[in-house]
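> Structure below; questions to follow.
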């Protein structure tokens, strides 16, 4: 069952044929003018009425950042790690301003990664951020990664968490895969 | 009892601020079966 047609949104009802077998896996994709196409995989199951929530991202995409004061209030961890290694708040704000001007995509990725890392539990109520000691703000600070130095104590914590099958903190929804990942170098600092 | 042959799903569109899209929009919908 393949179909492509125009329908009215923003809420669309779907009927997916159920075969009770490998034919029950579908790919659903939507396009809305002025926005990036988006979609997801769906497994048909008559017992489950699935709700697919798709976020429309306008194109061309423009990244906008909150004022520094607002960022500190709403996302204190992002603000805290923007200031890592700096002497005061003014310096952190300047770094934030400079990154907005010179590396907006890298800054956006950084904030995504910090937010995600803050939700990964790796034992003893800690997250990877608790082990992050230094961030490299040079050319390696990119829109899909950043490099830094962590306390080596993070390694056994991650290994223990992996053995326990854990790694998640909080009750919120899982973040969709962003394609971003952190490459962290271990070192003593 | 006859076996159900249709599964239902609902697509809900959100804007970039994570709010449900309020106005009516035209959506090009593609549904592909991954098996065939």
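The values are calculated or read from the model by the stated rules, or taken from the named source; none is laboratory data. These numbers come from a predicted model, not from an experiment. Here Cβ is always computed from backbone atoms with ideal geometry, including for glycine, and neighbour counts include all displayed protein chains.
> So which residues in segment A:128-149 are surrounded by fewer than 18 Cβ atoms within 10 Å (Cβ to Cβ) and assigned to a loop (DSSP other than H, G, I, E, B), if there are any at all?
Within segment A:128-149, A:136, A:138, A:139, A:140, A:143, A:144 qualify.
> Moving on. Could you say which residue among A:82, A:56 is out of contact with any helix residue (DSSP H, G or I) (no Cβ under 8 Å at 6 or more places or on another chain) and surrounded by 14 or more Cβ atoms within 10 Å (Cβ to Cβ)? Let's see the steps before the verdict.
Values: A:82 fails: out of contact with any helix residue (DSSP H, G or I) (no Cβ under 8 Å at 6 or more places or on another chain).
After ruling out the rest, the residue left standing is A:56.
> Can I ask one more? For segment A:1-28, give me the residue count where each residue is within 28 Å of the chain's Cα centre (by Cα) and part of a strand (DSSP E or B).
7
> Conditions first: (1) within 7 Å of another protein chain (Cβ to nearest Cβ); (2) closer than 30 Å to residue B:5 by Cα. Residue A:57 passes all but one, so which condition is the exception?
For residue A:57, the failing item is (2).
> Which residue is farthest from residue A:18 (Cα to Cα), if the candidates are limited to segment B:7-22 and must be in contact with a strand residue (DSSP E or B) (Cβ under 9 Å, 6 or more places away or on another chain) and not in a strand (DSSP E or B)?
Residue satisfying both the conditions and the ranking: B:16.
> Keeping to segment A:74-87, report how many residues are more than 16 Å from residue A:113 (Cα to Cα) and either at pLDDT 95 or above or in contact with a strand residue (DSSP E or B) (Cβ under 9 Å, 6 or more places away or on another chain) (or both).
Final tally of qualifying residues: 1.
Residues are listed down the side, and each one gets a yes or a no for (1) out of contact with any strand residue (DSSP E or B) (no Cβ under 8 Å at 6 or more places or on another chain); (2) free of Cβ contacts under 8 Å to residues at least 24 places away in the same chain; (3) assigned to a loop (DSSP other than H, G, I, E, B):
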residue	(1), (2), (3)
A:46	no, no, yes
A:66	yes, yes, yes
A:70	yes, yes, no
A:126	yes, no, yes
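> Please go through segment B:23-35 and give me each residue that is part of a loop (DSSP other than H, G, I, E, B), within 7 Å of chain A (Cβ to nearest Cβ) and loosely packed, with under 13 Cβ neighbours inside 10 Å, ordered by number.
Within segment B:23-35, B:24, B:35 qualify.
> Look through A:162, A:153 and report the one residue that is over 21 Å from residue A:64 (Cβ atoms), under 21 Å from the mean Cα position of the chain (by Cα), exposed (fewer than 15 other Cβ atoms within 10 Å of the Cβ) and free of Cβ contacts under 8 Å to residues at least 60 places away in the same chain.
Answer to the selection: A:162.
> Which one of the conditions (1) surrounded by 12 or more Cβ atoms within 10 Å (Cβ to Cβ); (2) at pLDDT 95 or above does residue A:122 fail to meet, given that it meets all the rest?
Condition not satisfied by residue A:122: (2).
> Here is a follow-up. Can you pull out every residue in segment A:29-44 that is more than 7 Å from every other protein chain (Cβ to nearest Cβ) and in a strand (DSSP E or B)?
A:35, A:38, A:39, A:40, A:41, A:43
> Checking residue A:13 against (1) more than 7 Å from chain B (Cβ to nearest Cβ); (2) closer than 14 Å to residue B:10 by Cα: exactly one of these is not met. Which one?
All conditions are met except number (1).
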